[in-house]
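Participant: My questions all concern the structure below.
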Amino acid sequence: MPLDQQKALLFGSAAAVRLLLFTAFPSLPNRLAGRVEVSTPVTSFKRLQEGLFLYTHNVSPYDGGVYHQAPLLLPLFSLLPNPSYYPFATSVLFTMVDLLSALALAQIAESGQSVVTRLFKSSRKDLRWSSVAIAAGFLFNPFTVATCIARSTSALTNLFILTAMAKASQGASFTFVLALSFASYLAMHPLLLFPPLLVLLYDARASKTKSAPSPFLFSVVHTLGLAAAVCALLFVSALLTGSWDFLAATYGVRLLLPDLTPNVGLWWYFFTEMFDSFREFFLGVFWLHVASYMPGLTIRLRKQPLFVATTLTGIFAIFTPYPSIADATLYLSLVPLFRHLFPLMRYTFLASASILYASFLGPAFYHLWIYAGSGNANFFYAITLVWSLGLSIIVGDSLYAALRDELDVERPELRGEEVKRI
Amino acid sequence: MPPSEGADASSAPKEDAKPSPSSPPSLDAVRLRKQPPPEGRESLWRRRSAIFSFWAVVLCLGLPVWWKTTAIYRADLPLQDMTDWAEGKICKPVFPLRIAVEAPLPPQDAHHLLRTTQHALDDLNEFSAHHLRLMLADPPAPANASQQVVVDGTRNTSDDEDIALSIRLIPVETGATPRSHLQPYSPTLDVYYTPNQIPPPSSTGSPLATFIAHELHKIFAEEQAQLAYLLSTASGGHSSKMKSLSPETSAELQRQSTRALKYAPTYHLTFSLFTPTSTPSAWDIESALRQYVAPLLDSFSAISNFTVDTQVQLYATFSPSIRQPEYDEALKAWTLRKEDLSGFINAAEWPLSPSIGKGPTVNFVLYVPDKTQSPLLVKESGANSWLIPQWGGVAILNPTAPGKDAIVSASLTKEALGPAMHTFSNQLISLLGLPQMPSSLPLRISTLARVRAASLIFSASSTLGALAQVYQKLPSIPVPDSVAKSVDLALAHLQLACDRLREGRFQGALELARIAEGEAEKAFFERSMVGQVYFPDEHKVAVYLPLLGPVAVPLVMAALKELKSGLSALRGR
């Protein structure tokens, strides 16, 4: 079967599955939108509807203290018919978002930046999956489907992150900057992806044109471009809502964590238990912890920038204040790009077992805690710990594998030997 | 923790490629092993810069964040002033009372009388902080004073607050002279004399002057005792100039002050009717209060405000802890034993809430016993009312008073409530700490104002002193700016109140002292200060270590390893 046909079949079936779920189970979207694993305070569709209602009634959408998402989502969704009566348009929109994300993912896979970069060629470069398989892994991942059905706005963030990666690996400066500025505008933390993706863009451009541009000028131009794009978006948002209040209600909430609704991350429990006087300090520590990986990984894995970006999305899925399974699904869909590292990974069973364990027991424990009343918050928190443990095993193990892979290239004579620590 | 994994993973493959000089091979196994080739310059540099980048984040961002978020904000407090106030170094309260004398005499004679009386008075006075100063008043308006006084009674103390007492010298021909009469509803002392008792200009003493001096001394004796007692209990700083109190006076004052409620700008009065049956179910409390209690409350309005509410509770039973009333044949009455009176209030079941609103609550309970158990009296004394210190008063209204018809029907009239209301008024006077003497109510109230002003100044000062101690003893508590502001306000108002006292304007002093006390309490009980009182520094280890320890260990180890290899490389060169 030719490639295009495969793709068409894949996309068609993925769209059909989503639309079928939307129409055959009309109560499913709202039920999923209420799940804490899928909808966080900063991505929930229900909160978006609340903001939308205020917005269409000419009240500031942030007045209610419920809506914490970017202002530009409001005009977009106010164009659609009311989802409580005509859910079909919204369903189509979110299905399209997923398909576009899968398309971007396929583009990343086709660029081959995951195995062969300008400065590095993996010794196992022939071991890889086709772009269709990787896109299928994204589209039929149950976490992706759940995110789509719940209409969480993190699907949009994922779309922009994947598009930015795809454009960076293709060397398309303008669209890369635009996509990344949208992602940062929506969720703030994707801004940390800029340095590794800039390196990726530089490598892609350099290998395309055969004459490397000046790295300094290149980074200055793109940084200014990103700053300009983000500022323009913020300015338009301020025009739209009539004030700069949205900054505190969107990014302020992500930074300061006033809403301690449980989610699959590690922050909420920690900060419910925190002494008030140490709250600011540990907010700083947690955010610095997230940010501190970026420079170290970018420097250490300078030759594999796409891998750095992938690992950072994994770190976001674990350590950001409001993670959901949408963040995990982004990471888990990017990992198959590095199929060649799988033989070097040591804890695949442990990682996949704990992910599965957490995804089945998590909802059960949440039910025990909230609805049945026979458990308490520690039940759910323990499961989120297991979930984060599973993800961080994958992150750490893949890092090890990537470094081992680099070592194999540098010292082919050591290949296959056991690594020892002295 | 992922940081350790990340750091381990990044260093693991490198370490077996480390140049051998850094670890001199001591074991045979190590010597036999194939020597790993030297590490490439580029990868060495890259690893170091990766480690350095982690450290850069920690040092450049982490330390400022730590410094900024855990710094404890402590506003500056005028500690020395606060301590001085608490030790009584700044304000020595004095009570110069002005007494106006109206004498229908030629000015020369009047001045002479005044001077000799003042001499006699000064000889009598043992308490230097409290002294009476006589002055001549303008000749009185020829009005019949006894009509005017009731209206003027309260106004005199609040408006014309400079004058504590007026003396009117009234020449009479008959009766024993000199004699005096203190008007009960006005701060006025009428002194009757015969004209020949005016001292001649040459003499240095006269019976009239001595008489007036003794009368005045008698009137203000209790006030002096109260103030002296207050000064002696407030702090040791004032003991030097204090007049000594006899042990009996001291004990009596102690009893009074324990009985009285703590001063508050607003008191809440609750009048409750309790009955074990279904009657009486109504009482004409509103008009009774208007008639019997409201005038008293009005005259107190210069010192405190009052809010009033009332309630009726039917089928209110005794608490099971006390013995049930017994019938006493001799008294022909049901009797309660004296030791049971303290348990009379059924705190568990009677809805007497401890505090409604802002101020303290004063409870007045009117108990109407069952007809089969009346009259109900206290066994030892035969009384039907008693006072519960710092809480309120109880009165029993017997439905069938001995020798009368039943006065209690379904509802109690104003007249039936009269005796109980008088009892309550007296109890309220005791509860507010009003002195027993002298007989003039305005004088007693102005005495209370002076005593309250002084005690408020003392309590605000000692609160500030305590705050200063807390500030110095607990360096770990944060002190917000609002505390500093309250302290400044309290100090300023204390100073003003003290000045007013010195000027003899006691009403103003009371108001300022009240503000000072409020601000001092606000500063001392600031909520955000107490949060960390019980948080010693050792506990911070428990807060920091569990999270930061695991993160720091790989960072520190990696940095140490790099430093060591860097140093040995330098030495080897």
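The values are calculated or read from the model by the stated rules, or taken from the named source; none is laboratory data. Remember, it's a predicted structure, so these values are computed and weren't measured experimentally. Reconstructed Cβ throughout: ideal geometry from the backbone, glycine too, with neighbour counts over all protein chains shown.
Participant: For segment B:84-107, state whether one or more residues are under 49 Å from the mean Cα position of the chain (by Cα), within 14 Å of chain A (Cβ to nearest Cβ) and more than 30 Å from B:Leu121 (Cα to Cα).
Facilitator: No, because not a single residue in segment B:84-107 is under 49 Å from the mean Cα position of the chain (by Cα), within 14 Å of chain A (Cβ to nearest Cβ) and more than 30 Å from B:Leu121 (Cα to Cα).
Participant: If you check B:Arg571 against the conditions, is it away from chain A (no Cβ under 14 Å), without any contact (Cβ under 8 Å) to a residue 40 or more places away in the chain and basic (Lys, Arg)?
Facilitator: So B:Arg571 passes the test.
Participant: Now, a different point. So, in segment B:79-131, exactly how many residues are assigned to a strand (DSSP E or B), out of contact with any His (no Cβ under 8 Å at 6 or more places or on another chain) and over 16 Å from B:Ser206 (Cβ atoms)?
Facilitator: 6
Participant: Conditions first: (1) surrounded by 24 or more Cβ atoms within 10 Å (Cβ to Cβ); (2) in a loop (DSSP other than H, G, I, E, B). A:Tyr85 passes all but one, so which condition is the exception?
Facilitator: (1)
Participant: If the requirement is being in a helix (DSSP H, G or I) and more than 21 Å from the chain's Cα centre (by Cα), which of these qualifies: A:Tyr202, A:Tyr185?
Facilitator: Of A:Tyr202, A:Tyr185, the one residue that is in a helix (DSSP H, G or I) and more than 21 Å from the chain's Cα centre (by Cα) is A:Tyr202.
Participant: Quick one: in segment B:56-109, which of the residues that are among the aliphatic types (A, V, I, L, M) and touching a strand residue (DSSP E or B) at 6+ places or on another chain (Cβ under 6 Å) is surrounded by the fewest Cβ atoms within 10 Å (Cβ to Cβ)?
Facilitator: B:Ala75
Participant: So, one more: Considering only residues that are at pLDDT below 90 and more than 11 Å from every other protein chain (Cβ to nearest Cβ), which ones fall in segment A:380-421?
Facilitator: Those that are at pLDDT below 90 and more than 11 Å from every other protein chain (Cβ to nearest Cβ): A:Val409, A:Pro412, A:Arg415, A:Gly416.
Participant: To continue, here is another question. Considering (1) crowded, with 19+ Cβ neighbours inside 10 Å; (2) free of Cβ contacts under 8 Å to residues at least 60 places away in the same chain; (3) in a strand (DSSP E or B), say which one B:Leu273 fails and leave the rest.
Facilitator: Result: B:Leu273 passes all but (2).
Participant: Is segment A:115-133 home to any residue that is among the β-branched types (Val, Ile, Thr), modelled with pLDDT under 95, part of a helix (DSSP H, G or I) and surrounded by fewer than 24 Cβ atoms within 10 Å (Cβ to Cβ)?
Facilitator: Among the residues of segment A:115-133, at least one is among the β-branched types (Val, Ile, Thr), modelled with pLDDT under 95, part of a helix (DSSP H, G or I) and surrounded by fewer than 24 Cβ atoms within 10 Å (Cβ to Cβ), which makes the answer yes.
Participant: So, one more: For segment B:436-458, check the following and say yes or no: at least one residue is of a type in the set (Ser, Thr, Tyr), without any contact (Cβ under 8 Å) to a residue 60 or more places away in the chain and over 30 Å from B:Leu77 (Cα atoms).
Facilitator: Scanning segment B:436-458 turns up no residue that is of a type in the set (Ser, Thr, Tyr), without any contact (Cβ under 8 Å) to a residue 60 or more places away in the chain and over 30 Å from B:Leu77 (Cα atoms).
To keep it simple, each residue is scored yes or no on (1) touching a helix residue (DSSP H, G or I) at 6+ places or on another chain (Cβ under 7 Å); (2) modelled with pLDDT under 95; (3) surrounded by 23 or more Cβ atoms within 10 Å (Cβ to Cβ).
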{"position": "A:Arg151", "(1), (2), (3)": "yes, yes, yes"}
{"position": "A:Ser154", "(1), (2), (3)": "yes, yes, yes"}
{"position": "A:Lys167", "(1), (2), (3)": "yes, yes, yes"}
{"position": "A:Phe174", "(1), (2), (3)": "no, yes, no"}
{"position": "A:Met188", "(1), (2), (3)": "yes, yes, no"}
{"position": "A:Leu200", "(1), (2), (3)": "yes, yes, yes"}
{"position": "A:Ser207", "(1), (2), (3)": "no, yes, no"}
{"position": "A:Ala212", "(1), (2), (3)": "yes, yes, no"}
{"position": "A:Ser219", "(1), (2), (3)": "yes, yes, no"}
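Participant: How about segment A:144-163: which of its residues are assigned to a helix (DSSP H, G or I) and either of a type in the set (Lys, Arg) or under 12 Å from the mean Cα position of the chain (by Cα) (or both)?
Facilitator: Correct list: A:Thr144, A:Thr147, A:Ser154, A:Ala155, A:Leu156, A:Thr157, A:Asn158, A:Leu159, A:Phe160, A:Ile161, A:Leu162, A:Thr163.
Participant: Looking at B:Val530, B:Val541 in this structure, which one is of a type outside the set (Ser, Thr, Tyr), out of contact with any helix residue (DSSP H, G or I) (no Cβ under 8 Å at 6 or more places or on another chain), under 20 Å from A:Met274 (Cβ atoms) and touching a residue at least 40 places away in the same chain (Cβ under 8 Å)?
Facilitator: B:Val530
Participant: Scan segment B:478-500 residue by residue and report those that are away from chain A (no Cβ under 14 Å) and within 30 Å of B:Ala71 (Cβ to Cβ).
Facilitator: Across segment B:478-500, the qualifying residues are B:Asp481, B:Ser482, B:Val483, B:Ala484, B:Lys485, B:Ser486, B:Val487, B:Asp488, B:Leu489, B:Ala490, B:Leu491, B:Ala492.
Participant: Cβ contacts < 6 Å: first residue at negative phi, restricted to segment A:192-209; second residue surrounded by 21 or more Cβ atoms within 10 Å (Cβ to Cβ) and not in a helix (DSSP H, G or I), any location; separation 6+ or different chain. Result?
Facilitator: A:Asp203/A:Thr117
Participant: Say whether the condition of being surrounded by fewer than 24 Cβ atoms within 10 Å (Cβ to Cβ), away from chain B (no Cβ under 12 Å) and either in contact with a Cys (Cβ under 6 Å, 6 or more places away or on another chain) or assigned to a helix (DSSP H, G or I) (or both) is met by at least one residue in segment A:272-294.
Facilitator: yes
Participant: Let me ask something additional. Looking only at residues in segment A:5-42 that are polar (S, T, N, Q) and in contact with a Leu (Cβ under 9 Å, 6 or more places away or on another chain), which one is surrounded by the most Cβ atoms within 10 Å (Cβ to Cβ)?
Facilitator: A:Ser39
Participant: Out of segment B:404-416, which residues are over 11 Å from B:Val368 (Cβ atoms), outside any strand (DSSP E or B) and at pLDDT 75 or above?
Facilitator: The answer is B:Thr413, B:Lys414, B:Glu415.
Participant: Among what's in segment A:306-318 and is within 22 Å of B:Phe52 (Cβ to Cβ) and within 14 Å of chain B (Cβ to nearest Cβ), pick the residue that is surrounded by the most Cβ atoms within 10 Å (Cβ to Cβ).
Facilitator: Applying the filter and picking the extreme gives A:Phe307.
Participant: To continue, here is another question. Yes or no: segment A:337-347 includes at least one residue that is closer than 26 Å to A:Ser169 by Cα, surrounded by 24 or more Cβ atoms within 10 Å (Cβ to Cβ), out of contact with any Gly (no Cβ under 8 Å at 6 or more places or on another chain) and of a type in the set (D, E, K, R).
Facilitator: No, segment A:337-347 has no match at all.
Participant: Please go through segment A:324-345 and pick out each residue that is within 14 Å of chain B (Cβ to nearest Cβ) and under 10 Å from the mean Cα position of the chain (by Cα).
Facilitator: The one that is within 14 Å of chain B (Cβ to nearest Cβ) and under 10 Å from the mean Cα position of the chain (by Cα): A:Tyr331.
Participant: Also, I was wondering about something else. Which condition does B:Ser476 not pass, out of (1) crowded, with 22+ Cβ neighbours inside 10 Å; (2) of a type in the set (S, T, N, Q); (3) not in a helix (DSSP H, G or I), if it passes all the others?
Facilitator: Among (1) crowded, with 22+ Cβ neighbours inside 10 Å; (2) of a type in the set (S, T, N, Q); (3) not in a helix (DSSP H, G or I), B:Ser476 violates only (1).
Participant: Taking B:Ala347 and the conditions (1) more than 29 Å from the chain's Cα centre (by Cα); (2) modelled with pLDDT under 80; (3) aliphatic (A, V, I, L, M), which numbered condition does it fall short on, given that it satisfies the others?
Facilitator: (1) is the only condition that B:Ala347 fails.
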